[in-house]
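The values are calculated or read from the model by the stated rules, or taken from the named source; none is laboratory data. Computed from a predicted model, the values in this text were never measured in an experiment. Because the Cβ atoms are built from the backbone with ideal geometry, glycine has one as well, and the counts that use them run over all protein chains shown.
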Amino acid sequence: MSSAASSPVTPVDRSSFSGEDEALLRESLRRCSPATVEAAVAYRQTGDIQHLPAIIIGIFTRFVEPDLRSRLTGDCDDLRVIEDLGLDSLTMMEIVMLVEEVTRTKIENEELRGLVTIGDIKTFVDCRARGATPPAPARFIAGDDLRAIMPIGAPFLFIDEARVGPAQLTASYRITGQEFFLAGHFKDNPVMPASIMLEALGQLGVLHLLAGLPVDAGKAVGAATIFFASTDGVRCHRVCKPGDTLTLTLKSKRVKAPLAVYTGHIRVGQEKAVVAEEITLTFGLVDATTPAPAPEAASAPAVNAGPATGA
């Protein structure tokens, strides 16, 4: 892999795939599962990009420690390859080199730095295989930068850091035990309210509207115009307590002013904590050159399904 500028966008060359090529491919993947090998052979024979996710997951599974491989089953797109899968930089380079070899795509070093999750890598390889331009890497926002963007502040801001893309966001929040509401929720048994965790997902939607949503030139989303409209399909799966770090994921489903609809979930480690099938925010557009009035904090979400507290 070179460290040159981003490589040109060209479709993968699948003009020939000989018996010798197949033998070399099988040898390269000899420590992967048979299903991974067959997906790779089928991809090289047909160019069908539907095989790419199985190839990528199979290659990661070959390098991940055995006790972490179960994390790569089901919907694992939001898994971070370093933090959640325990991969060091050299192992990650081995994975990338094998993905490049098998899929006949190229991931430059600069591009690799922006590929943080399994989903990032799937999307990037899919785009390169089709000859499309990969999306820009997600923007990392934390600390003063995060606080400057958000119209919600302490003690009611429940995002410590976030990665903001055009259609998906991930964030984290550590429950410190010092949150003001834990003194009474519950007496001598502090538990993070489910309504507050839904609030955190909603705040991630606010961040998307302000820092990730593409809008027409000369326009911007007004921070003072964003409010919760509804939540639906809420399910709580785990009690969350001080010391837990919440990993939040929010995906954009539909956005058309004045409504933005998302789906989101929260986990602690690999344990599911909260799922929200839909979170809807209202928002308005303002002239980008016109300062918005000082915003008020967004209200707590209206929970239409699932318990409001106690998880």
State whether one or more residues within region 98-119 are part of a loop (DSSP other than H, G, I, E, B), surrounded by fewer than 16 Cβ atoms within 10 Å (Cβ to Cβ) and under 20 Å from the mean Cα position of the chain (by Cα). yes
Among the residues of region 210-223, which ones are small (Gly, Ala, Ser), outside any helix (DSSP H, G or I) and surrounded by 19 or more Cβ atoms within 10 Å (Cβ to Cβ)? Gly212, Gly222
I'd like the full set of residues that are modelled with pLDDT under 95 and of a type in the set (D, E, K, R), limited to region 206-249. Asp216, Lys219
Taking the condition surrounded by 13 or more Cβ atoms within 10 Å (Cβ to Cβ), polar (S, T, N, Q), in contact with a Gly (Cβ under 8 Å, 6 or more places away or on another chain) and modelled with pLDDT of 90 or more, does Thr36 pass? yes
Tell me, which strands (runs of 3 or more DSSP E) lie completely within region 124-209 with 1 or more residues that are on the phi > 0 side of the Ramachandran plot and among the β-branched types (Val, Ile, Thr)? none
Residues (out of contact with any strand residue (DSSP E or B) (no Cβ under 9 Å at 6 or more places or on another chain) and of a type outside the set (A, V, I, L, M, F, W, C)) located in region 198-223: Pro214
Can you name the condition, by its number, that Lys253 falls short on among (1) more than 20 Å from the chain's Cα centre (by Cα); (2) more than 20 Å from Pro151 (Cα to Cα); (3) not small (Gly, Ala, Ser)? (1)
Exactly one of Gln168, Gln178 is within 28 Å of Leu285 (Cβ to Cβ) and polar (S, T, N, Q), and that residue is Gln168
I need a count of the residues in region 224-283 that are out of contact with any strand residue (DSSP E or B) (no Cβ under 8 Å at 6 or more places or on another chain) and part of a strand (DSSP E or B). 2
